[in-house]
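The values are calculated or read from the model by the stated rules, or taken from the named source; none is laboratory data. Quick caveat: nothing in here was measured; it's all calculated off a predicted structure. Reconstructed Cβ throughout: ideal geometry from the backbone, glycine too, with neighbour counts over all protein chains shown.
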Amino acid sequence: MEKEITLKGKFRIACLRDNEVIAEREIDNTIMNAGKAIVSGLILTDVGGTAFDYLAVGTSATAPNATQTALIAEKYRVAGTGSRQTTTVTNDTARLTGSIAITASNSIQEAGILNASSNGDMLARTTFSAISVSASDTLNVGYSVKVS
């Protein structure tokens, strides 16, 4: 019996002000077509690709669409720390986490995982109810992508 492999992502964000959590969100996300293409290339030595190691947030509420290749209104991007977690079978979930130091007031409502410090390919994107951030806030962000 043949079973299809799927990628399912989840995004978590917490906004800290003066070391206190003032807002939190946990949202499913859309895996992008370009991200699927990179993942399939990473399986093959002859094709390869650049792994996803960057987290970005922005201010657009435009709904995710699998054909999007970038955040609509990106404001911040950071290198994340990757790990694997066990959800159903050993090491079936990729986890990327990071912290973003906010430098200006914004209304953050989109996030993505990318494979370059600027531009690059996007694996996943999501939108969520806005989080109002101010200079000196910190966003703790994390993406989990389960392979099943």
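Points worth noting:
- Scoring residue 91 on the criteria (1) without any contact (Cβ under 8 Å) to a residue 40 or more places away in the chain; (2) in contact with an Asp or Glu (Cβ under 8 Å, 6 or more places away or on another chain); (3) within 19 Å of residue 39 (Cα to Cα) leaves a single failure, condition (2).
So that you can scan it fast, the table gives a plain yes or no per residue for (1) over 25 Å from residue 93 (Cβ atoms); (2) hydroxyl-bearing (Ser, Thr, Tyr); (3) surrounded by 18 or more Cβ atoms within 10 Å (Cβ to Cβ):
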site	(1), (2), (3)
6	no, yes, no
11	no, no, yes
15	no, no, yes
36	no, no, no
60	yes, yes, no
66	no, no, no
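- Residues (part of a loop (DSSP other than H, G, I, E, B), farther than 15 Å from residue 32 by Cα and either among the aromatic types (Phe, Trp, Tyr) or modelled with pLDDT of 95 or more (or both)) located in region 120-148: 134, 135, 136, 137
- For region 40-103, the strands (runs of 3 or more DSSP E) that sit wholly inside it and include 3 or more residues that are over 20 Å from residue 28 (Cα atoms) are 74-79.
- Boolean, residue 53 is of a type in the set (Asp, Glu), surrounded by fewer than 16 Cβ atoms within 10 Å (Cβ to Cβ) and in contact (Cβ under 8 Å) with a residue 24 or more places away in the chain: no
- For region 61-73, the condition of being touching a residue at least 60 places away in the same chain (Cβ under 8 Å) and closer than 16 Å to residue 14 by Cα holds for none of the residues.
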